[in-house]
Amino acid sequence: MTTPDEIQPIPEEKKLPPPWVVGLAFILLLGFLVLIGMGLRRTQMGPIVIGQKVPAFTLTTFDGQVVNTADYLGKVILVNFWASWCKPCEQEAFELEAAWQLYQPRGDVIFLGVGYVDTEPEALAFLHQFGITYPNGADVGTRVSQMFRIQGVPETYIIDQEGRLAYVKKGPFLSLSEIQNAVDQRLP
Amino acid sequence: MMGKGCWMSSFRLMDKAVKGPMISEPGNERPFQRAAPGKLTAMVAWVVMVGSLILFGLVTSPVAAQRPTPSDDEVNRLAKEMYCPVCENVPLDMCPTQACAQWRALIRQKIGEGLSDAEIKEYFVLQYGDRVLSEPPRRGFNWLIYILPPVFFIGGAVIVLNVMRTMRKNVPGTDGPEKDFLPPPDEVYLTRLEEELKRRQENDY
Amino acid sequence: MIENLGFGVLVITLIVCIYGIFASFYGLRKNSLAWVESARKAMLLTFPLITLAVISIVILLVSGRYDVQYVYNVTSNTMPLYLKITALWGGQSGSLVFWSWLLAAFTTAVTLRKWNRDREFLPWVIIIGLVTLVFFVSLVVFVENPFVRFWQTPTGGRVVSMFQPVEALLINPPDGRGLNPLLRHPGMIIHPPMLYLGFVSFVIPFAFAIAALITGRTDDRWIRVTRRWTLVAWLFLSLGLVLGSRWAYDVLGWGGYWAWDPVENAAFMPWLTGTAFLHSVMIQEKRGLFKRWNIILIILTYSLVIYGTFLTRSGVLSSVHAFAQSAIGPLFFIYLTFTMVVSLGLLLYRWSSLRSEGTMHSVLSREALFLLNNLLFMGILAVTFWGTNFPLISELFTGQKVTVGPAFYNRSAGPLFAGLLFLMGVAPLSAWGHSTVKTLGKALWKPLVGSLLVLVAMYVGGIRQWGALLALWLCALVIFITLYEYIRGVLARQRRSGEILPVALWNLASRNRRRYGGYIIHLGVVLMALGIIGIEMFQTETQATIPPGGSIQLGQYEVSFTRLDLFDTDDGRNVARATMSVSQNGRPVGDLFPRRDFYYDSGQPMTIPGVRSTLEDDLYILLVDWEPITSTGVTFKVYRNPLINWLWIGGFVFILGTLVAAWPDKDPEPTRVSVSRRNIASRQADG
């Protein structure tokens, strides 16, 4: 008894499902893929792109003052994210304070320190240990750090006089001159 | 563990009786009423008042200062339900970083102050964002995560039931091959069939 | 030299694959067997080629060639030989080569089978296999190359490249960074390969399904051909998951066996659809139903494999498992899009030809219960999928990150799992076609009564949580039903053939391996469920800092801290080891040695617990290493995990059952069949 090696395909009606089913299925699939794609782009892109306008945000300092970046339009703002539990942050703390001492008299540069998921007593101890005098506040609800989409600490962002992001530094500054270079380039 | 739980609640009752508000702040003791007039009586009353105040202070302040430090287990009970704000998807009781150690110390401090679980969690959420909770808080966009899976499941069940109903309505003349009954065997046919089956089995993986 | 050889071989593989794809298409167009045969030979060539690449990498790893970036990243001088070899899959690029190698192995193996009856499938299976291989090998050749080396340019800069930059010198570090200490464990030998085998081998049933859709042969031929392949794929995936769970429990997860971590979920989701697929195809074979379900399920399984790999390697979701972020994310995304869009298109194109051949008569028939089975698995998939992706989606829309933790999954998927447990017991008792409450009840009542007795005993014994009672009752029910089915089958067989018990049992299972192997698998699952219920619902823990001589109490256990030893080992570790004496209800039961290892080369610590395992529970002691370890006080964490070892025993039974089910049946015994009342009874028992 022999069997044929090829089996004739059963002729059937090539009827597609109703168009709305086809459409819906593809819309759902593509919608899901688009969402995932956006998520991927977000991780690949990282923080706010240089040249983008940085939305204004407020920071309540440890002394209780409320600082709003909108008030500093026209000035160069250096935003530094740090934490007391972050070892590399200690490396740049003295240098940042020294830089602040240089730039503060000018009046057109402002340094803001943002404590990233820190506990108040330890944060205050950190500031005290390194003698930091520029305004520092906790990032309540991690809203500011999520806005900048930081990937870790320390990170520094310099906002120019038009409120656009001009410079990003991931990791600690290695020297005072590095900070000076970064800020001087944004000054007229 | 049961004992610890009871101890905590009875201690809180004591706390209420002594202090009034839950959160202890220095100098929060209930003020006393002023005494009646009359110079001597007044002086006696003053002495009694001041004396009682001192006594009161002597009695309560050690109690307030000596509220036992919450044990590791109490901290972990809460830390187990929270997540490290920095390292993703690591529960707070297992996270080895210095940051997490600070947060556990913070939890310990807050428990010691008498805050409830919900209050401590709320504090953390306020400070560090929704990420610290082990489930998205039930508000706004987050409702989607609680609603969609049941909706999907029920939707699927509805579709399936519909399909079954239409299937049962169809005339059952197109049944699949019933494999329960064999026709009366024909010896020659049977042996040839078996040979063929054997041959096929060898060809298949 | 070796690295150039390895790279060259991969480039050749890429060319061969591309040739094979074109040859296959050309053969299809010209209806030429010769061209398709040529494509088949090209496919056969890929496996030896990639094997050469794998050998090259292993030689580089073992010989400590730290000028090669991959070797530097994953090995170091102090690592033992077996870990250096398994470092092949320890990093991103090496694991991609490993994946390609396994893929080539499977696609080659399927090409070697006899294709006489499935000629029209062959070109399409070759094309799909080669397209997948092209994708993965391209990733290695163009993006994540394991053969790149460190060079120093004349200006003093450091560059990583495959080929020598102008006038650059090779940099030869004296030692490597070494694998993350958490991965330096025997589990590294077997867990990733098993998982990869599981993932990769699902490409075979997928390729056949797509071939079936394209050629229009949507009958159950493609299912019959791939039946064993699917079982093998599912076996490896299950094994990978169970092993990962055990490894996590042993060392990584602090006494946790599953954390609903996104990467764990990424491996779990294809398993869910794969299991549903495994069950659902039986219905198509027996009754011609569920054709659409089966195509959907295998497409979903394969898509979830790609999606899971994408999640793990792209950095979209971060977890302790994830590889470092790299450029392959977008490429995986494109491949995923391509796969899903094409699959969906083909499915809709052939939708009408996938109409069922039969009908479902009764709600309690086996087909209907299998339908419920599919639905429950899809429900658990929906929960897992949504929970894994929600943090990503929520961040897109609200800007706030959220965490979805075990509480969500347990609450949402728990009832569905309970439903599956119940089905696992009841479905084998229902009949094909027609089943009523009466027939089901008749088959069910004896085990049901037994299980209710167990329920009462548990309640009397002190268990009061209704969730635990329900779950444990279900476990008892399934165990009793399974045993009952075996006993019934053996007795029926004995009545007919007069064999003694063990022989009857053996013959029963070997004539119908799928059914009785399936029962063993279900038994394994129930035992695993028992372990999970024990640890999830009855675990107790405590943590305390004690000096030597102190002790910790947890329920009936008392753990005394006897001494602390601090020393360095030969393989570059600093060890702090505590000796704990354990007593249960006052009776000493032995010593445990939890310890903390600190690896000098990578600067990372690792804690290894001291565990005492019995059938009843595990006593699990950890040395907490972020608190100071001094001679005056050490912090310990003690867990009591009831019934956890049933999880591993169940896993073993599970794998055993799969082997039984996968083994080819013995030749069916030719017996004269005449329809009589007596024979119906014995035949029904045989299934």
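The values are calculated or read from the model by the stated rules, or taken from the named source; none is laboratory data. Here the structure is a predicted model, which means the values were calculated and not measured. Neighbour counts run over all protein chains shown; Cβ positions are idealised from the backbone, glycine included.
Remarks
- Helices (runs of 4 or more DSSP H) wholly inside the stretch C:428-512 that include at least 2 residues being aliphatic (A, V, I, L, M) and under 25 Å from residue C:656 (Cα atoms): C:466-497, C:501-511
- Pick from the stretch A:138-166, criterion assigned to a helix (DSSP H, G or I) and among the small types (Gly, Ala, Ser), ranking: farthest from the other protein chains (Cβ to nearest Cβ): A:145
- Some residue of the stretch C:645-661 being more than 30 Å from residue C:518 (Cα to Cα) and buried (at least 22 other Cβ atoms within 10 Å of the Cβ): no
- Among residues of the stretch C:386-427, those that are assigned to a helix (DSSP H, G or I) and either touching a strand residue (DSSP E or B) at 6+ places or on another chain (Cβ under 6 Å) or of a type outside the set (S, T, N, Q) (or both), counted: 29
- Failed item in (1) of a type in the set (Ser, Thr, Tyr); (2) touching a Ser or Thr at 6+ places or on another chain (Cβ under 7 Å); (3) within 17 Å of residue C:112 (Cβ to Cβ), with residue C:13 passing the rest: (3)
- Only one of the numbered conditions (1) more than 28 Å from residue B:125 (Cβ to Cβ); (2) in a helix (DSSP H, G or I); (3) in the same structural domain as residue A:169 (by TED's automatic domain parsing) is not met by residue A:74, and that is (2).
- With respect to the conditions (1) within 30 Å of residue C:221 (Cβ to Cβ); (2) polar (S, T, N, Q); (3) at pLDDT below 80, residue B:162 falls short on a single one, namely (3).
- Exactly one residue out of C:147, C:98 is outside any helix (DSSP H, G or I) and either on the phi < 0 side of the Ramachandran plot or in contact with a Leu (Cβ under 8 Å, 6 or more places away or on another chain) (or both), and it is C:147.
- The numbered conditions (1) among the basic types (Lys, Arg); (2) without any contact (Cβ under 8 Å) to a residue 60 or more places away in the chain; (3) in contact with a Gly (Cβ under 9 Å, 6 or more places away or on another chain) are all true for residue A:75 except (2).
- Residues of the stretch C:350-359 satisfying the condition of being hydrophobic (A, V, I, L, M, F, W, C) and in contact with a Leu (Cβ under 7 Å, 6 or more places away or on another chain): C:351
- Unique match (being surrounded by 22 or more Cβ atoms within 10 Å (Cβ to Cβ), farther than 30 Å from residue C:612 by Cα, at pLDDT 90 or above and away from every other protein chain (no Cβ under 13 Å)) among C:297, C:304, C:237: C:297
- Among the residues of the stretch A:79-94, none qualifies, meaning not one is β-branched (Val, Ile, Thr) and over 19 Å from the mean Cα position of the chain (by Cα).
- Restricting the stretch C:556-584 to residues that are modelled with pLDDT under 90 and not in a strand (DSSP E or B), the residue that is nearest to residue C:177 (Cα to Cα): C:572
- Residues of the stretch C:258-280 that are at pLDDT below 90 and not small (Gly, Ala, Ser): C:261, C:262, C:263.
- Residue in the stretch C:78-85 that is touching a helix residue (DSSP H, G or I) at 6+ places or on another chain (Cβ under 9 Å), in contact (Cβ under 8 Å) with a residue 24 or more places away in the chain and within 16 Å of residue C:174 (Cβ to Cβ) present: yes
- Condition check for residue C:140: outside any loop (DSSP other than H, G, I, E, B) and at pLDDT 90 or above: yes
- Residue match in the stretch C:355-367 (condition: in a helix (DSSP H, G or I), more than 9 Å from chain B (Cβ to nearest Cβ) and either without any contact (Cβ under 8 Å) to a residue 60 or more places away in the chain or surrounded by fewer than 21 Cβ atoms within 10 Å (Cβ to Cβ) (or both)): no
- Residue tally, condition surrounded by fewer than 18 Cβ atoms within 10 Å (Cβ to Cβ) and under 20 Å from residue C:305 (Cα atoms), over the stretch C:103-118: 1
- Pairs meeting the criteria (first residue in the stretch C:213-227 and more than 12 Å from chain A (Cβ to nearest Cβ), second residue of a type in the set (Phe, Trp, Tyr) and assigned to a helix (DSSP H, G or I), beta carbons under 7 Å, at least 6 apart or on different chains) are C:222/C:208; C:225/C:208; C:226/C:208.
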